[in-house]
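Shown next, in structure tokens, is the structure this report addresses.
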Amino acid sequence: MDKLARDYLKRAKIRLEVLEIFYEKGDYPDVVREAQEIVELSLKAVLRNLGVEVPKLHDVGKILEKYKDILPKEIKENLDKIKRISKRLRKERALSFYGAEDFIPLEEYDKEDAKKAIEDAKFIVKVVMKSFGD
């Protein structure tokens with residue numbers, strides 16, 4: 001496996017542990033934000049491992065689609081779900097972190113948002129790890 005891809009995946013797994021701390025503290029916006037980063041790192045690990053230049057984008061779903069013929073079986077079989085998760089969390093990325101004048105993150109995100117983000121991040125990491133044989 002590509003050394004940097006392995007680094008991305010290791011850091012994604014560490015961030016998964018941190019999600020639980022944010023969740024326990026009621027910091028649901030940061031759960032969503034970190035979940036997005038977990039998904040991004042994990043999917044970029046897949047691309048790097050395929051020898052694909054990793055774009056400076058936060059949602060690489062379309063890039064995965066472009067290379068679907070060479071994706072590992074586990075990624076290919078779950079590609080539609082992976083793309084939905086990546087796209088949804090990408091949309092939440094800035095708002096969950098910075099908010100807006102009319103969108104206060106700690107007031108807007110709730111337990112359900114955080115639970116969904118954790119579930120999605122765990123799914124992505126699990127599929128990616130399986131695709132790497134871990």
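Taken together, the values in this text are just the output of simple stated rules run on the coordinates, not laboratory data. Computed from a prediction, not measured in an experiment: that's the story for all the values here. Cβ coordinates were reconstructed from backbone atoms using ideal geometry, including for glycine residues, and neighbour counts include every protein chain displayed.
A single entry from Ala45, Ala117 fulfils the requirement of being hydrophobic (A, V, I, L, M, F, W, C) and more than 22 Å from Arg6 (Cα to Cα): Ala117. Scanning region 68-83 for residues that are free of Cβ contacts under 8 Å to residues at least 12 places away in the same chain and either within 17 Å of Leu57 (Cβ to Cβ) or surrounded by fewer than 13 Cβ atoms within 10 Å (Cβ to Cβ) (or both) yields Lys68, Asp69, Asp80. Filtering region 82-134 to residues that are touching a Ser or Thr at 6+ places or on another chain (Cβ under 6 Å) and either under 15 Å from Leu19 (Cβ atoms) or among the hydroxyl-bearing types (Ser, Thr, Tyr) (or both) leaves Ile124, Val125.
Please specify each residue of region 88-107 satisfying the condition of being part of a helix (DSSP H, G or I) and surrounded by fewer than 16 Cβ atoms within 10 Å (Cβ to Cβ). Within region 88-107, Lys91, Ala94, Phe97, Tyr98, Leu106, Glu107 meet the criteria. Taking the stated definitions as given, is Arg11 assigned to a helix (DSSP H, G or I) and surrounded by fewer than 18 Cβ atoms within 10 Å (Cβ to Cβ)? So Arg11 passes the test.
Specify the residue that is farthest from Glu65 (Cα to Cα); the eligible residues are those in region 108-125 that are surrounded by 14 or more Cβ atoms within 10 Å (Cβ to Cβ) and more than 11 Å from the chain's Cα centre (by Cα). Steps first, please.
Looking only at region 108-125, we keep the residues that are surrounded by 14 or more Cβ atoms within 10 Å (Cβ to Cβ), and these are 108-109, 113-114, 116-118, 120-125.
In the following step, the residues that additionally are more than 11 Å from the chain's Cα centre (by Cα) were identified as 108-109, 113-114, 116.
Working: Glu108: 32, Tyr109: 30, Asp113: 26, Ala114: 27, Lys116: 24 Å.
Restricting to residues being surrounded by 14 or more Cβ atoms within 10 Å (Cβ to Cβ) and more than 11 Å from the chain's Cα centre (by Cα), the top hit is Glu108.
Asp27 passes every criterion in (1) closer than 13 Å to Val125 by Cα; (2) among the acidic types (Asp, Glu); (3) touching a residue at least 60 places away in the same chain (Cβ under 8 Å) apart from (1).
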